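**Student:** If you scroll down you'll find the structure; I have some questions about it.
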Amino acid sequence: MSRAAIHDDNPASFEAVAQSAARIRAFLPPGAAPSIALVLGSGLGSYADELADAHGIDYAEIGFPRSGVIGHAGRLVYGRAGRTASHPGVEVLLMQGRVHTYEGHSLQTVVLPVRALIAAGCQTVVLTNAAGGVGEGLQAGDLVLIRDHLNLMGDSPLRGPNDPRLGVRFPDMSEVYDAKLRATAQQVAARLQIRMPTGVYAGLLGPQYETPSEVRMLRGLGADLVGMSTVPEAIVARHMGARVLGLSCVSNLAAGMTGQPLSHEEVTETAARVRGTFIRLLDGIMAELASLG
Ligand code: HPA
(Lines give C-alpha, C1' and ligand atoms only; values in the text may rest on other atoms or scores of the structure.)
Protein backbone atom coordinates (compact mmCIF):
# COMPACT_ATOMS: atom_id res chain seq x y z
CA MET A 1 0.00 0.00 0.00
CA SER A 2 1.38 3.42 -0.90
CA ARG A 3 1.73 6.18 1.70
CA ALA A 4 -1.05 8.11 -0.02
CA ALA A 5 -3.38 5.12 0.21
CA ILE A 6 -2.76 4.78 3.93
CA HIS A 7 -3.41 8.50 4.32
CA ASP A 8 -6.62 8.45 2.29
CA ASP A 9 -7.87 5.46 4.25
CA ASN A 10 -7.45 7.16 7.61
CA PRO A 11 -11.00 7.75 8.88
CA ALA A 12 -9.60 10.35 11.29
CA SER A 13 -7.59 12.28 8.69
CA PHE A 14 -7.47 16.06 9.08
CA GLU A 15 -10.12 16.38 6.36
CA ALA A 16 -12.47 13.82 7.94
CA VAL A 17 -12.06 15.46 11.36
CA ALA A 18 -12.70 18.93 9.89
CA GLN A 19 -15.80 17.71 8.09
CA SER A 20 -17.24 16.13 11.23
CA ALA A 21 -16.37 19.25 13.26
CA ALA A 22 -18.17 21.44 10.70
CA ARG A 23 -21.30 19.29 11.02
CA ILE A 24 -21.11 19.56 14.83
CA ARG A 25 -20.83 23.36 14.60
CA ALA A 26 -23.79 23.47 12.21
CA PHE A 27 -25.87 21.54 14.77
CA LEU A 28 -25.06 23.95 17.64
CA PRO A 29 -27.49 26.74 18.53
CA PRO A 30 -26.42 30.22 17.38
CA GLY A 31 -23.76 31.67 19.68
CA ALA A 32 -22.99 28.35 21.38
CA ALA A 33 -19.32 27.65 22.09
CA PRO A 34 -18.95 24.43 24.09
CA SER A 35 -15.47 24.02 25.55
CA ILE A 36 -15.86 20.61 27.21
CA ALA A 37 -16.34 17.24 25.55
CA LEU A 38 -17.71 14.50 27.79
CA VAL A 39 -17.57 10.85 26.75
CA LEU A 40 -19.94 8.66 28.75
CA GLY A 41 -19.02 4.99 29.12
CA SER A 42 -21.07 1.80 29.43
CA GLY A 43 -24.26 2.41 31.37
CA LEU A 44 -23.26 5.99 32.26
CA GLY A 45 -25.07 7.72 29.37
CA SER A 46 -27.96 8.95 31.52
CA TYR A 47 -25.89 11.94 32.66
CA ALA A 48 -27.28 13.54 29.47
CA ASP A 49 -30.62 13.85 31.32
CA GLU A 50 -28.96 16.24 33.79
CA LEU A 51 -28.08 18.84 31.17
CA ALA A 52 -30.02 22.08 30.87
CA ASP A 53 -31.14 23.31 27.42
CA ALA A 54 -30.16 19.89 26.02
CA HIS A 55 -30.65 18.76 22.49
CA GLY A 56 -29.07 15.88 20.62
CA ILE A 57 -28.12 14.63 17.20
CA ASP A 58 -27.65 11.08 15.97
CA TYR A 59 -24.03 10.02 15.42
CA ALA A 60 -24.81 9.09 11.80
CA GLU A 61 -25.56 12.75 10.98
CA ILE A 62 -22.15 13.99 12.13
CA GLY A 63 -20.05 11.18 10.68
CA PHE A 64 -19.48 9.43 14.03
CA PRO A 65 -19.32 5.61 14.08
CA ARG A 66 -22.12 3.93 15.99
CA SER A 67 -21.60 1.27 18.65
CA GLY A 68 -23.50 -1.98 18.63
CA VAL A 69 -22.89 -2.50 22.36
CA ILE A 70 -25.84 -2.34 24.76
CA GLY A 71 -25.61 0.76 26.95
CA HIS A 72 -24.14 2.98 24.20
CA ALA A 73 -26.92 5.15 22.74
CA GLY A 74 -25.12 6.80 19.82
CA ARG A 75 -26.17 10.44 20.26
CA LEU A 76 -24.19 13.62 20.68
CA VAL A 77 -25.93 15.96 23.11
CA TYR A 78 -25.30 19.67 23.51
CA GLY A 79 -26.31 21.33 26.78
CA ARG A 80 -25.26 23.12 29.95
CA ALA A 81 -23.78 21.09 32.79
CA GLY A 82 -23.28 22.00 36.43
CA ARG A 83 -25.92 24.76 36.51
CA THR A 84 -26.28 26.33 39.96
CA ALA A 85 -28.24 29.24 41.38
CA SER A 86 -25.29 31.54 40.77
CA HIS A 87 -24.00 30.16 37.47
CA PRO A 88 -25.71 29.20 34.19
CA GLY A 89 -23.48 26.14 33.88
CA VAL A 90 -20.83 25.23 31.38
CA GLU A 91 -21.55 24.38 27.75
CA VAL A 92 -20.68 20.79 26.94
CA LEU A 93 -20.89 18.33 24.09
CA LEU A 94 -21.62 14.94 25.49
CA MET A 95 -21.16 11.62 23.74
CA GLN A 96 -23.71 9.01 24.78
CA GLY A 97 -21.68 5.96 23.95
CA ARG A 98 -18.52 5.26 22.00
CA VAL A 99 -17.20 2.61 19.64
CA HIS A 100 -14.47 0.21 20.64
CA THR A 101 -11.73 -1.37 18.59
CA TYR A 102 -12.97 -4.85 19.61
CA GLU A 103 -16.09 -4.18 17.55
CA GLY A 104 -13.84 -4.34 14.50
CA HIS A 105 -13.12 -0.62 14.14
CA SER A 106 -9.58 0.60 13.65
CA LEU A 107 -8.25 2.82 16.43
CA GLN A 108 -8.42 5.71 13.94
CA THR A 109 -12.17 5.19 13.65
CA VAL A 110 -12.48 4.88 17.43
CA VAL A 111 -10.87 8.30 17.95
CA LEU A 112 -12.58 10.25 15.16
CA PRO A 113 -15.33 11.60 17.46
CA VAL A 114 -12.92 12.90 20.10
CA ARG A 115 -10.74 14.47 17.42
CA ALA A 116 -13.80 16.13 15.85
CA LEU A 117 -15.03 17.46 19.21
CA ILE A 118 -11.63 18.99 19.90
CA ALA A 119 -11.56 20.49 16.39
CA ALA A 120 -15.04 21.90 17.09
CA GLY A 121 -13.60 23.82 20.07
CA CYS A 122 -13.63 21.49 23.08
CA GLN A 123 -10.22 22.00 24.63
CA THR A 124 -11.11 19.89 27.68
CA VAL A 125 -12.03 16.23 27.25
CA VAL A 126 -13.62 14.27 30.09
CA LEU A 127 -13.43 10.52 29.47
CA THR A 128 -15.51 8.12 31.55
CA ASN A 129 -15.72 4.35 31.45
CA ALA A 130 -16.78 1.24 33.27
CA ALA A 131 -13.70 -0.73 34.29
CA GLY A 132 -12.66 -3.83 36.14
CA GLY A 133 -11.00 -3.19 39.52
CA VAL A 134 -7.50 -4.65 39.72
CA GLY A 135 -5.91 -2.64 42.53
CA GLU A 136 -5.95 -3.61 46.19
CA GLY A 137 -8.83 -2.16 48.12
CA LEU A 138 -11.05 -1.28 45.18
CA GLN A 139 -14.70 -2.26 45.36
CA ALA A 140 -17.42 -2.61 42.74
CA GLY A 141 -19.17 0.74 42.59
CA ASP A 142 -16.07 2.83 43.35
CA LEU A 143 -15.45 5.92 41.25
CA VAL A 144 -11.75 6.21 40.48
CA LEU A 145 -9.84 9.19 39.12
CA ILE A 146 -7.46 8.04 36.39
CA ARG A 147 -3.96 9.36 37.06
CA ASP A 148 -2.16 7.56 34.22
CA HIS A 149 -2.64 4.72 31.77
CA LEU A 150 -0.97 1.69 30.23
CA ASN A 151 -1.60 1.25 26.52
CA LEU A 152 -1.78 -2.53 26.17
CA MET A 153 -3.96 -2.55 23.04
CA GLY A 154 -1.03 -3.52 20.83
CA ASP A 155 -1.71 -0.56 18.53
CA SER A 156 -1.79 3.23 18.58
CA PRO A 157 -4.39 5.61 17.15
CA LEU A 158 -1.39 7.59 15.88
CA ARG A 159 -0.04 4.73 13.75
CA GLY A 160 0.40 5.75 10.13
CA PRO A 161 1.54 9.02 8.56
CA ASN A 162 1.31 11.99 10.93
CA ASP A 163 -0.58 15.11 9.85
CA PRO A 164 1.13 18.05 11.58
CA ARG A 165 -2.13 20.01 11.44
CA LEU A 166 -3.41 17.60 14.10
CA GLY A 167 -0.29 17.29 16.24
CA VAL A 168 3.36 16.32 16.37
CA ARG A 169 4.77 12.97 15.26
CA PHE A 170 6.05 11.98 18.72
CA PRO A 171 3.72 13.52 21.31
CA ASP A 172 4.78 13.66 24.95
CA MET A 173 2.73 11.42 27.26
CA SER A 174 4.32 12.31 30.60
CA GLU A 175 1.10 13.90 31.90
CA VAL A 176 -1.83 12.59 29.90
CA TYR A 177 -4.36 13.27 32.67
CA ASP A 178 -4.09 16.95 33.51
CA ALA A 179 -2.80 17.59 37.05
CA LYS A 180 -4.92 20.73 37.57
CA LEU A 181 -8.10 18.99 36.42
CA ARG A 182 -7.28 16.06 38.72
CA ALA A 183 -6.80 18.42 41.66
CA THR A 184 -10.12 20.09 40.88
CA ALA A 185 -11.89 16.71 40.70
CA GLN A 186 -10.36 15.67 44.03
CA GLN A 187 -11.48 18.88 45.74
CA VAL A 188 -15.01 18.33 44.44
CA ALA A 189 -15.07 14.68 45.58
CA ALA A 190 -13.81 15.69 49.05
CA ARG A 191 -16.43 18.44 49.35
CA LEU A 192 -19.21 16.04 48.30
CA GLN A 193 -17.79 13.33 50.59
CA ILE A 194 -17.51 10.89 47.70
CA ARG A 195 -14.71 8.35 48.04
CA MET A 196 -12.60 8.72 44.89
CA PRO A 197 -9.22 6.94 44.91
CA THR A 198 -6.82 7.51 42.01
CA GLY A 199 -5.63 4.73 39.73
CA VAL A 200 -3.72 3.64 36.65
CA TYR A 201 -5.99 2.41 33.84
CA ALA A 202 -4.78 -0.44 31.63
CA GLY A 203 -6.41 -0.36 28.20
CA LEU A 204 -6.73 -3.79 26.57
CA LEU A 205 -8.18 -4.81 23.23
CA GLY A 206 -10.89 -7.15 24.60
CA PRO A 207 -13.66 -8.10 24.03
CA GLN A 208 -13.03 -11.11 26.23
CA TYR A 209 -12.50 -10.31 29.88
CA GLU A 210 -9.10 -11.14 31.34
CA THR A 211 -7.92 -14.42 32.78
CA PRO A 212 -6.91 -14.42 36.45
CA SER A 213 -3.26 -14.72 35.30
CA GLU A 214 -3.64 -11.65 33.11
CA VAL A 215 -5.12 -9.77 36.04
CA ARG A 216 -2.10 -10.74 38.21
CA MET A 217 0.17 -9.55 35.37
CA LEU A 218 -1.70 -6.24 35.19
CA ARG A 219 -1.37 -5.74 38.94
CA GLY A 220 2.36 -6.45 38.61
CA LEU A 221 2.58 -3.79 35.89
CA GLY A 222 1.03 -1.23 38.20
CA ALA A 223 -2.53 -1.21 36.88
CA ASP A 224 -5.45 -0.48 39.22
CA LEU A 225 -8.16 -0.59 36.56
CA VAL A 226 -8.67 -2.56 33.36
CA GLY A 227 -10.92 -1.72 30.46
CA MET A 228 -11.30 -1.63 26.69
CA SER A 229 -11.59 2.09 25.92
CA THR A 230 -10.34 5.56 26.96
CA VAL A 231 -6.63 5.08 26.19
CA PRO A 232 -6.83 5.78 22.41
CA GLU A 233 -9.06 8.81 23.03
CA ALA A 234 -6.70 10.17 25.69
CA ILE A 235 -3.72 9.71 23.36
CA VAL A 236 -5.27 11.69 20.49
CA ALA A 237 -6.55 14.37 22.85
CA ARG A 238 -2.97 14.93 24.03
CA HIS A 239 -1.77 14.72 20.41
CA MET A 240 -4.09 17.67 19.66
CA GLY A 241 -3.09 19.56 22.83
CA ALA A 242 -6.41 19.18 24.68
CA ARG A 243 -6.60 18.66 28.47
CA VAL A 244 -7.87 15.29 29.67
CA LEU A 245 -9.74 14.18 32.78
CA GLY A 246 -10.49 10.47 33.18
CA LEU A 247 -13.00 8.83 35.51
CA SER A 248 -13.68 5.10 35.88
CA CYS A 249 -16.63 3.45 37.49
CA VAL A 250 -15.45 0.11 38.90
CA SER A 251 -18.23 -2.08 37.59
CA ASN A 252 -16.73 -5.33 38.87
CA LEU A 253 -13.62 -6.68 40.49
CA ALA A 254 -11.36 -8.09 37.78
CA ALA A 255 -11.32 -11.80 36.96
CA GLY A 256 -10.17 -14.18 39.67
CA MET A 257 -10.67 -11.69 42.50
CA THR A 258 -14.12 -12.84 43.63
CA GLY A 259 -14.48 -16.34 42.21
CA GLN A 260 -17.51 -15.18 40.21
CA PRO A 261 -17.63 -15.16 36.38
CA LEU A 262 -17.88 -11.70 34.74
CA SER A 263 -20.69 -10.49 32.51
CA HIS A 264 -21.65 -7.31 30.66
CA GLU A 265 -24.94 -7.30 32.60
CA GLU A 266 -22.96 -6.91 35.84
CA VAL A 267 -21.09 -4.00 34.27
CA THR A 268 -24.23 -2.08 33.30
CA GLU A 269 -26.02 -3.02 36.56
CA THR A 270 -23.22 -1.57 38.70
CA ALA A 271 -23.13 1.56 36.54
CA ALA A 272 -26.88 1.94 37.12
CA ARG A 273 -26.43 1.44 40.88
CA VAL A 274 -23.84 4.22 41.22
CA ARG A 275 -25.68 6.50 38.78
CA GLY A 276 -26.68 8.99 41.49
CA THR A 277 -23.19 9.33 42.94
CA PHE A 278 -21.62 9.49 39.49
CA ILE A 279 -24.01 12.29 38.49
CA ARG A 280 -23.35 14.27 41.68
CA LEU A 281 -19.58 13.98 41.16
CA LEU A 282 -19.67 14.87 37.48
CA ASP A 283 -22.09 17.75 38.08
CA GLY A 284 -19.85 19.05 40.87
CA ILE A 285 -16.80 18.87 38.60
CA MET A 286 -18.68 20.64 35.79
CA ALA A 287 -19.85 23.40 38.15
CA GLU A 288 -16.26 23.87 39.26
CA LEU A 289 -15.02 24.02 35.66
CA ALA A 290 -17.80 26.49 34.88
CA SER A 291 -16.74 28.78 37.72
CA LEU A 292 -13.11 28.57 36.56
CA GLY A 293 -14.41 30.03 33.27
N1 HPA B 1 -12.16 -6.06 32.23
C2 HPA B 1 -12.07 -5.34 31.10
N3 HPA B 1 -12.95 -4.40 30.79
C4 HPA B 1 -13.95 -4.16 31.65
C5 HPA B 1 -14.10 -4.89 32.83
C6 HPA B 1 -13.14 -5.89 33.14
O7 HPA B 1 -13.20 -6.59 34.17
N8 HPA B 1 -15.21 -4.40 33.46
C9 HPA B 1 -15.71 -3.42 32.67
N10 HPA B 1 -14.95 -3.26 31.57
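**Student:** If you take the beta carbon distance between A272 and L221 as r and set R0 to 30 Å, what does 1/(1 + (r/R0)^6) give as a FRET efficiency, to the nearest 0.05? Mind dumping the intermediate values first?
**Tutor:** Working: r = 30 Å, r/R0 = 1.01.
For R0 = 30 Å, the calculated efficiency reads 0.50.
**Student:** How many nm separate the modelled label positions at A18 and A179, each set 7 Å beyond the Cα in the direction of the Cβ?
**Tutor:** 3.6
**Student:** Right, something else. Around G89, which amide H atoms from residues at least 5 apart in sequence, or from another chain, sit under 5 Å from its own amide H, with H modelled in the peptide plane?
**Tutor:** Sorted by chain and number, the residues that satisfy this are T84.
**Student:** Here's a follow-up. When DSSP assigns beta bridges and you keep just the ones with both residues in the stretch 14-126, what percent turn out antiparallel, to the nearest 5? Before the final figure, lay out each step's value.
**Tutor:** Details: 13 of 21 bridges.
Bridges in the stretch 14-126 are about 60 percent antiparallel.
**Student:** Please report how far the C-alpha centroid of the stretch 98-153 lies from that of the stretch 276-293, rounded to the nearest whole angstrom.
**Tutor:** Taking the Cα centre of each part, the stretch 98-153 and the stretch 276-293 sit 19 Å apart.
**Student:** Hey, another quick one. Using the alpha-carbon centroid of each, what span in Å lies between the stretch 218-251 and the stretch 28-48?
**Tutor:** Cα centres, the stretch 218-251 to the stretch 28-48: 19 Å.
**Student:** Over the stretch 14-292, calculate the relative contact order: mean separation of alpha carbon pairs under 8 Å at least 6 apart, over the residue count, as a percent.
**Tutor:** Numbers: 591 pairs, mean separation 71.5, N = 279.
Result for the stretch 14-292 is 26 percent.
**Student:** On to the next question. If you take the Cα atoms of the chain, find Rg, then find the Kirkwood Rh from the mean of 1/r over all pairs, what is Rg/Rh? Let's see the in-between values first.
**Tutor:** On the way: Rg = 18.0 Å, Rh = 19.0 Å.
So for the chain, dividing Rg by the Kirkwood Rh gives 0.95.
**Student:** Averaged per residue, what accessible area in Å² does the chain show with a 1.4 Å probe, protein chains only? Could the numbers behind the result be given before it?
**Tutor:** On the way: 12280 Å² over 293 residues.
Result: 42 Å² of accessible area for each residue.
**Student:** Would you kindly state the longest site-free stretch of the chain, with sites defined as GluC sites (Glu not before Pro) in a DSSP loop (not H, G, I, E, B) surrounded by at most 15 other Cβ atoms within 10 Å? If you can, show how the numbers build up before the last one.
**Tutor:** Values: sites that count: E136, E175.
For GluC sites (Glu not before Pro) (loop position, at most 15 other Cβ atoms within 10 Å), the longest site-free span of the chain is 1-135.
**Student:** If you don't mind, another one. Could you size up the charge dipole of the chain around its Cα centre, putting +1 on the beta carbon of Lys and Arg and -1 on that of Asp and Glu, and report it in debye to the nearest 20? Could the numbers behind the result be given before it?
**Tutor:** Details: 24 positive and 27 negative charges, 107 e Å.
Dipole about the Cα centre, nearest 20: 520 debye.
**Student:** What does the charge count near G135 come to, summing +1 for each Lys or Arg and -1 for each Asp or Glu among other residues with Cβ under 11 Å from its Cβ? Intermediate values should be presented prior to the final figure.
**Tutor:** Details: positive: R219; negative: E136, D142, D224.
Charge balance in the 11 Å sphere: -2.
**Student:** With unit charges on the beta carbon (Lys/Arg positive, Asp/Glu negative), name the residue among V144, A272, T211 whose Cα is farthest towards the positive pole of the charge dipole of the chain.
**Tutor:** Towards the positive end, the residue furthest out is V144.
**Student:** If you don't mind, another one. Does the stretch 141-182 classify as rounded, prolate or oblate by the C-alpha gyration tensor (a ≥ b ≥ c root eigenvalues; a/c under 1.5 gives rounded; else a/b over b/c gives prolate, otherwise oblate)?
**Tutor:** Working: a/c = 3.12, a/b = 1.71, b/c = 1.83.
Taking the square roots of the gyration eigenvalues as a ≥ b ≥ c, the stretch 141-182 is oblate.
**Student:** Taking a point 7 angstrom from the Cα of S213 along the C-beta vector, which residues in the stretch 251-277 have backbone N less than 17 Å away?
**Tutor:** Taking a point 7 Å out along Cα→Cβ of S213, the residues of the stretch 251-277 whose backbone N falls under 17 Å are 255-257.
**Student:** With a 1.4 Å probe and all protein chains left in place, how much of the accessible area of the chain comes from carbon and sulfur atoms, in whole percent?
**Tutor:** Working: 6330 of 12280 Å².
Percent of accessible area from carbon and sulfur atoms in the chain: 52.
The values are calculated or read from the model by the stated rules, or taken from the named source; none is laboratory data. Owing to the predicted nature of the structure, the values given are computational and were not obtained by experimental measurement. Methodologically, a virtual Cβ is constructed for each residue, glycine included, from the backbone with ideal geometry; neighbour enumeration extends over all protein chains shown. With ligands, DNA and RNA removed, areas are computed over all heavy atoms of the protein, side chains included. Shrake-Rupley method; radii C 1.70, N 1.55, O 1.52, S 1.80 Å.
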